[in-house]
Every structure is written in structure tokens, then in C-alpha cells.
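Worksheet for the structure shown next.
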Amino acid sequence: MAAIEESRPMHERRIPEWLRHAPAPGVRGFATLAGTEAVARGILISVFPLAMYNALQDAQLISEAYFLVGILSLAVGLMVPFTTRYLPRRWVYVIGASFFVTGSLFAATGDPLAVVFGLGLNTMSTVITFVCFNAYVMDYIS
């Protein structure tokens, strides 16, 4: 009896097949992610300008903040492929998605610095998730 148990690997009966070989993501999952990201980008171009104006009350200051945030998001977007060499892409995507939530929470406070910081987090999140999403699409959709 002991000889039979030793020849048989333990994991065959204990781990379901769908856990050992996870199914590849399909078009429906990517469409859901694209729709969610589109909502977040829509908030960036519709809600944030109003929130920035309510918080800062100065068009010149708003323009400067948008310029600096744009430069920051450009740099972050260019660093995403470099970052995915050292962190798995799924974790980079999770970090980007969490920036959406964190940035929105900061902006909801209404404090001028928090709104600018929230704008920065949301734009960085948009760039990070967009780059990772497109890489996933190229990997999984023929």
C-alpha cells in the first residue's frame, strides 16, 4: 500500500484542473476592462476641470497644474515597459487601477492640493492601465 502511494503524485487529485490551467481571458473580459477605463478617462476630461476650477479659482494656476501633471504622466507612461521588466504586468495594472480609486478619493476632499494630487494620480493611472491593457490585448487576442 505504501509503495502505491509513493509512486502517485499528491497534487493530481487535490487541485482541480481549472486551477492548474487557468483559462485564457476572452474578448468579454477585455471589453469590460476597456469600458471601465473609458469611464475613468471620461471623469478626467469632464469632472476634473470643474473640480480644479472650484479648488484653485485661477485659470493660470490650473493651466500650470495640468502642464506639470501632463509631463509627469508622460514620464510614467514611458516607464511602464521598463517597470514590467521587474514587476509582473498584472501588479503594474493593479497599481494603476488603485491609483484611480486613490486619486478620486483625494479629489473628493475638495482641498486644492488634494485635487491636484488626485488629478496626477488619475492621469498616471490612465497611462499605466492603457499601456498594460494594450499589451494584454496583443498577448491574448488574435
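Can you spot a residue in the range 96-115 that is over 17 Å from residue 44 (Cα atoms), part of a helix (DSSP H, G or I) and at pLDDT 95 or above?
There is no residue in the range 96-115 that is over 17 Å from residue 44 (Cα atoms), part of a helix (DSSP H, G or I) and at pLDDT 95 or above.
Please tell me if residue 85 is touching a residue at least 12 places away in the same chain (Cβ under 8 Å), out of contact with any Ser or Thr (no Cβ under 7 Å at 6 or more places or on another chain) and among the charged types (D, E, K, R).
Judged against the criteria, residue 85 is not a match.
Pull out all pairs, ordered by first then second residue, where Cβ-Cβ is under 8 Å, the residues are six or more apart or on different chains, the first lies in the range 100-129 and is over 18 Å from residue 76 (Cβ atoms), and the second is outside any helix (DSSP H, G or I) and open to solvent by 30 Å² or more (accessible area, probe 1.4 Å).
Filtered contacts from the range 100-129: 115/109.
Each row is one residue, and each column tells you yes or no for (1) closer than 30 Å to residue 24 by Cα; (2) hydrophobic (A, V, I, L, M, F, W, C).
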{"position": "51", "(1), (2)": "no, yes"}
{"position": "61", "(1), (2)": "no, yes"}
{"position": "80", "(1), (2)": "yes, yes"}
{"position": "83", "(1), (2)": "yes, no"}
{"position": "93", "(1), (2)": "yes, no"}
{"position": "100", "(1), (2)": "yes, yes"}
{"position": "135", "(1), (2)": "yes, yes"}
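Only one of these is within 13 Å of the chain's Cα centre (by Cα) and of a type in the set (Asp, Glu): 64, 37. Name it. Talk me through it step by step, then tell me what you get.
Working: 64 fails: within 13 Å of the chain's Cα centre (by Cα).
None of the other options fit; the residue is 37.
Listed residues 55, 40, 75; which is farther than 12 Å from residue 122 by Cβ, part of a helix (DSSP H, G or I), open to solvent by less than 70 Å² (accessible area, probe 1.4 Å) and at pLDDT below 95?
Exactly one of 55, 40, 75 is farther than 12 Å from residue 122 by Cβ, part of a helix (DSSP H, G or I), open to solvent by less than 70 Å² (accessible area, probe 1.4 Å) and at pLDDT below 95, namely 55.
Only residues that are open to solvent by less than 70 Å² (accessible area, probe 1.4 Å) and closer than 23 Å to residue 33 by Cβ: list them for the range 96-115, please.
Of everything in the range 96-115, those that are open to solvent by less than 70 Å² (accessible area, probe 1.4 Å) and closer than 23 Å to residue 33 by Cβ turn out to be 96, 97, 98, 99, 100, 102, 103, 104, 107.
Just give me the residues in the range 58-72 being open to solvent by less than 60 Å² (accessible area, probe 1.4 Å) and farther than 21 Å from residue 106 by Cβ, in sequence order.
Across the range 58-72, there are no qualifying residues.
The values are calculated or read from the model by the stated rules, or taken from the named source; none is laboratory data. Keep in mind it's a predicted model, so treat the numbers as computed, not measured. Here the Cβ is made from the backbone with ideal geometry for all residues, glycine too, and neighbour counts use every protein chain on show. For the accessible areas, the whole protein counts, side chains as well, though only heavy atoms, and no ligand, DNA or RNA atoms are used. Shrake-Rupley method; radii C 1.70, N 1.55, O 1.52, S 1.80 Å.
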